[in-house]
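> Structure incoming, see below.
The values are calculated or read from the model by the stated rules, or taken from the named source; none is laboratory data. For clarity, every value in this text was computed on a predicted model and none was experimentally measured. Glycine gets a Cβ as well: all are built from the backbone with ideal geometry, and neighbour counts include every protein chain shown. Only protein heavy atoms, including side chains, enter the accessible area calculation; ligands, DNA and RNA are left aside. Shrake-Rupley method; radii C 1.70, N 1.55, O 1.52, S 1.80 Å.
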Amino acid sequence: TAIITSSDVVAMREGFSVDARMVARVEPQVIAQIEKCTGEWCRIETGSYHGWVERNFLWGIYADEELN
């Protein structure tokens, strides 16, 4: 489980790139389930949305922790 720590809305993306299509906007303090993390990105699920967000916007996972 993770919490969005940004003070602004965070883009949830289809892939782990800032160029990937945005699938949702995630509000600050939203609680999400972490599905996997690789590098600087984590795939999360919140509500009916699944997508990738930058790890630095999440509280609940270590900076170098990998989840598959």
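> Which shape class, rounded, prolate or oblate, goes with the chain when its Cα gyration tensor gives a ≥ b ≥ c as root eigenvalues, a/c under 1.5 marks rounded, and past that a/b bigger than b/c marks prolate? Kindly include the intermediate steps, with their values, before the conclusion.
Working: a/c = 1.38, a/b = 1.10, b/c = 1.25.
Rounded shape, in that the Cα axes give a/c under 1.5.
> Then there's this: Which percent of the accessible area of the chain is formed by carbon and sulfur heavy atoms (probe 1.4 angstrom)?
Details: 2090 of 4360 Å².
That share works out to 48 percent.
> Once you list every other residue whose beta carbon is under 12 Å from the beta carbon of Thr5, what net charge do they have if Lys and Arg are +1 and Asp and Glu are -1?
Working: positive: Arg55; negative: Asp8, Glu27, Glu54.
Residues near Thr5 contribute -2 overall.
> Here's a follow-up. Based on the mean of other Cβ atoms within 10 Å per residue, sort peptides 45-55, 15-25 so the most packed one is first. The partial results should precede the final answer.
Values: 45-55: 16.5, 15-25: 12.5.
Top to bottom by mean Cβ count within 10 Å: 45-55, 15-25.
> So what are the ³J(HN,Hα) numbers for the stretch 57-62, from phi and the Karplus equation (6.51, -1.76, 1.60; θ = phi - 60°), rounded to whole Hz, Gly and Pro as x?
Coupling constants for the stretch 57-62: 8, 10, 10, x, 9, 5 Hz.
> Applying the Karplus parametrisation 6.51 cos²θ - 1.76 cosθ + 1.60 with θ = phi - 60° to the phi angles of the stretch 6-13, what ³J(HN,Hα) value in whole Hz is obtained for each residue in order, glycine and proline being reported as x?
Going residue by residue, I get 5, 7, 10, 5, 10, 7, 9, 10 Hz, with x marking Gly and Pro.
> Suppose all protein chains stay in the model; what accessible area per residue would a 1.4 Å probe give for the chain, in Å²?
Details: 4360 Å² over 68 residues.
Accessible surface, normalised per residue, equals 64 Å².
> Sticking with this one: What number comes out for the charge environment of Thr46, summing +1 per Lys or Arg and -1 per Asp or Glu over other residues with Cβ under 13 Å away? Before the final figure, lay out the partial values.
Details: positive: Arg25, Arg43; negative: Glu27, Glu35, Glu45.
Counting the neighbours of Thr46, the net charge comes to -1.
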